[in-house]
Amino acid sequence: MKLVALIFSLSTIIISLATPSSCHNLALEHGLTFSIFPLRLKSGLGGHYIPQTSCSSWRLGVEAHNIIEWTSIPKECEDYVGNYLLGKQYREDSKAVTEEAYKYAKNLNLVGDGKDIWIFDIDETSLSNLPYYADHGFGVEKYNATSFNEWVDLGTAPPLPESLKLYKRLLRLGFKVVFLTGRPQSQRDITLKNLKNAGYTTFHTLIVKDSTEYNGKTAVTYKSSERNKLEEKGYRIVGNIGDQWSDILGTNIGNRTFKLPDPMYYIS
Ligand SMILES: [Mg+2]
C-alpha cells in the first residue's frame, strides 16, 4: 500500500508540474509576470542552463555536420549520449534511416547485370561497438587504439539490427553488397569472421584500408579512391550507408547516401 501511495503522490507531483498554473508560479519565481507555456520548460527557465537540452543540441550539431573535427564528446553529455544509445531512440533513428534506404531501393529498376552495388561501412553501421564504448564512456574517453583493437580482435561485435535487416532486403532485391571500412589489413580475417557470425554471410567484397597506399590519408580520400576503383570496374554505386560523414562525402559517393547516427566519435 505504501508503494501505491508513493506512486500516486509522485504522479500528482508530475501532473501538477505540467500544469500552466505551476508554470506561472515558476515564471513568478524567475521574476516574470506572464505565464510560460509548458512546452517552453525544456528550452530554458529564464536562461538557466539545462544540461540535457544542451547535449541534445550538441548531438543535432554533430549529426548535421555543423560540429566537426571533434575528438571526444563533452564530459557533461556522457549520461545523455549513453541513455540515447542504450535507449530506444538510437534504434528508432537507425530504423528511420534504413527504412528510407529500403524505400528508395525497392522502387528502383535494377539493370540486372550484377553491377548494382550498395556500400556498407562497418563500424557503427554493419557492426556495433556499443559493448566496447559502454565500458569507455560512450566517447568521453579519448580514443585508445590499443584497447579498441583488442576489442575488434575478439570478433564478437554484434550487428546493428537495422542495418542487418536492410542488408538482407537489399540482397533479395538483387544488389551486391560491398563492405568498405577503415579497418586495417591486419584485421581483415577477424572482420570477415565477425561479419559472417553477425549474419552478413553473402557479399561481393570486403575492402580494408591498405596502410601503404593510404598512409596519412583521411577516410574521405581513402573511401573516395576505393569507390572510384569500383566504378572504374563498371560497378554502379546505387546506395551508400555509413555512420560518419566521411563515409558519404568526397567523390563517387553513389546515387544516394544514408547517414546513420553516431554521437560517439568523429572520423574525418
Ligand atoms: Mg563507421
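The values are calculated or read from the model by the stated rules, or taken from the named source; none is laboratory data. Here the structure is a predicted model, which means the values were calculated and not measured. So basically every Cβ, Gly included, is an ideal-geometry build from the backbone, and we count neighbours across all protein chains shown.
Which of the residues spanning region 243-254 are closer than 21 Å to GLU162 by Cα and assigned to a loop (DSSP other than H, G, I, E, B)? Outline the logic, then answer.
Here is the first cut: in region 243-254, the residues closer than 21 Å to GLU162 by Cα are 243-248, 254.
Across region 243-254, the qualifying residues are ASP243, GLN244, GLY254.
Picking from residues in region 97-107 that are under 21 Å from THR202 (Cα atoms) and of a type in the set (Ser, Thr, Tyr), the one that is surrounded by the most Cβ atoms within 10 Å (Cβ to Cβ) is THR98. Each residue in region 219-236 was checked for being free of Cβ contacts under 8 Å to residues at least 24 places away in the same chain and touching a helix residue (DSSP H, G or I) at 6+ places or on another chain (Cβ under 9 Å), and 0 pass. Remark: GLU124 falls outside the filter, which requires a residue to be more than 30 Å from VAL238 (Cα to Cα), surrounded by 12 or more Cβ atoms within 10 Å (Cβ to Cβ) and either within 16 Å of the ligand (Cβ to nearest atom) or in the same structural domain as ARG169 (by TED's automatic domain parsing) (or both).
Of all residues in region 156-186, those being among the basic types (Lys, Arg) and free of Cβ contacts under 8 Å to residues at least 60 places away in the same chain number 2.
Filtered by the rule that a residue be surrounded by 18 or more Cβ atoms within 10 Å (Cβ to Cβ) and away from the ligand (no atom under 16 Å from the Cβ), region 141-163 gives a lone residue, GLY155. Being surrounded by 15 or more Cβ atoms within 10 Å (Cβ to Cβ) and part of a helix (DSSP H, G or I) is the filter here; which residues of region 198-242 pass it? The answer is ALA198, ALA219, VAL220, THR221, TYR222, LYS223, SER224, SER225, GLU226, ARG227, LEU230, GLU231. Just one of the numbered conditions (1) surrounded by fewer than 17 Cβ atoms within 10 Å (Cβ to Cβ); (2) more than 17 Å from the chain's Cα centre (by Cα) is not true of SER268: (2). Considering only residues in region 237-253 that are within 11 Å of the ligand (Cβ to nearest atom) and free of Cβ contacts under 8 Å to residues at least 40 places away in the same chain, the one that is nearest to ASN66 (Cα to Cα) turns out to be SER246.
Report whether or not LYS229 is among the basic types (Lys, Arg) and more than 15 Å from the ligand (Cβ to nearest atom). Yes. Is it the case, given these coordinates, that LEU110 is loosely packed, with under 14 Cβ neighbours inside 10 Å, away from the ligand (no atom under 16 Å from the Cβ) and touching a residue at least 40 places away in the same chain (Cβ under 8 Å)? Criteria not met by LEU110.
Of the residues contained in region 165-172, one or more are found to be within 22 Å of TYR235 (Cα to Cα), assigned to a helix (DSSP H, G or I), over 19 Å from the mean Cα position of the chain (by Cα) and not charged (D, E, K, R).
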